[in-house]
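The structure appears right after this line, and notes come after that.
Readers should treat all values here as calculations from the given coordinates under stated rules, not as data from a laboratory. Here the structure is a predicted model, which is why all the values come from computation and not from measurement. Neighbour counts run over all protein chains shown; Cβ positions are idealised from the backbone, glycine included.
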Amino acid sequence: MQKSALLAALRSELHRHDFSTFVDEPPSIAQGGNGVVVTGCPTCIKKFGTMPHFLDHLTDDVLPLLLDRLSAPGLPPAPRSLREYLYRKIVVSTRTLGRP
């Protein structure tokens, strides 16, 4: 893979993730529920409160997924979130091993 294509793929994926807020356990109190607004990554629905934790999220969660996807041709489309990735890794792999 060319450096320019690699850079474009990395940049595109990193821009999907954001240190922002999202509603945990929707709906929020404003919508009549009991959910609260928390800080973190709305793309992955992962909670954290500081910028160093967000950077750890990018390096520990996002980049390994992206590098796995870019280094192995013929894989299914990339997961949209960390939860989807873990679901595929745990549930789908156990199904292929013949476990219930």
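Show me 18-24, 7-13, 42-48 ranked by packing, highest mean number of other Cβ atoms within 10 Å first. Intermediate results must be reported in sequence, preceding the final value.
Numbers: 18-24: 14.9, 7-13: 12.7, 42-48: 16.9.
Ranking the peptides 18-24, 7-13, 42-48 by packing returns 42-48, 18-24, 7-13.
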Checklist entry - Under the Karplus relation 6.51 cos²θ - 1.76 cosθ + 1.60, θ = phi - 60°, what is the ordered set of whole-Hz ³J(HN,Hα) values for segment 25-32, x standing for Gly and Pro? => result 6, x, x, 6, 4, 5, 9, x
Next on the checklist: Quick check on the exposure proxy: order 17, 53 from fewest to most C-beta atoms within 10 angstrom.
Outcome noted: 53, 17
Checklist outcome for this item: For the pair residue 45 and residue 29, the simple spin-label estimate (label points 7 Å beyond Cα toward Cβ) gives in nm 2.2
Next on the checklist: What distance in nm lies between label points placed 7 Å from Cα along the C-beta direction at residue 68 and residue 38?
Outcome noted: 2.3
Item to check | 5 angstrom amide H check on residue 44, placed H, neighbours 5+ away | outcome: none
